[in-house]
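Reviewing the structure listed below.
The values are calculated or read from the model by the stated rules, or taken from the named source; none is laboratory data. The shown structure was predicted, so the numbers you read here are calculated from the model rather than taken from an experiment. Positions of Cβ are backbone-derived with ideal geometry, glycine not excepted, and every protein chain shown enters the neighbour counts.
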Amino acid sequence: MPEQRLAEQPYVAAERHTVADITCYPWIAPHERLRQNLEDFPHLKRWLTQIGARPATVRAYGRAPQFGAQSVGAVQTPQTPTDQTAACGGPQPGEPVR
């Protein structure tokens, strides 16, 4: 789906960057770790490079280690689901919401 869509327009859902791109990027970025070769998908490869170079993407993935993530190629991914915490500044599990 993404290759055909990206052959027709620069971004996943529109002519501009949207939440669809933000949502899809983390699923495609670790393609090498998943042993997926993007050479047969030039539009997807272009999109991945374009989104990965966005300042906000660079900043977000640059901060990933402080949240228990490890490096996977050019991106950061969580080590395991159990390594993730709810330390987001809000109430912790079991705490009352104030």
Legend entry - Lone unmet requirement of (1) assigned to a loop (DSSP other than H, G, I, E, B); (2) modelled with pLDDT under 95 for Glu3: (1)
Legend entry - Condition met for Arg46 (of a type outside the set (Phe, Trp, Tyr), exposed (fewer than 10 other Cβ atoms within 10 Å of the Cβ) and modelled with pLDDT of 95 or more): no
Inset, instruction - Output the residues belonging to region 43-60 that are within 12 Å of Val12 (Cα to Cα) and free of Cβ contacts under 8 Å to residues at least 24 places away in the same chain. - result: Leu48
Inset, instruction - Just one of (1) at pLDDT 70 or above; (2) loosely packed, with under 15 Cβ neighbours inside 10 Å trips up Pro91, so point out which. - result: (1)
Inset, instruction - Scan region 1-13 for residues that are surrounded by 12 or more Cβ atoms within 10 Å (Cβ to Cβ) and out of contact with any helix residue (DSSP H, G or I) (no Cβ under 6 Å at 6 or more places or on another chain) and jot them down. - result: Arg5, Gln9, Pro10
Legend entry - Residues (at pLDDT 95 or above, more than 12 Å from the chain's Cα centre (by Cα) and either of a type in the set (Gly, Ala, Ser) or surrounded by fewer than 16 Cβ atoms within 10 Å (Cβ to Cβ) (or both)) located in region 17-38: Thr18
Inset, instruction - Report, by residue number, each residue of region 18-73 that is among the hydroxyl-bearing types (Ser, Thr, Tyr), outside any helix (DSSP H, G or I) and in contact with a helix residue (DSSP H, G or I) (Cβ under 9 Å, 6 or more places away or on another chain). - result: Ser71
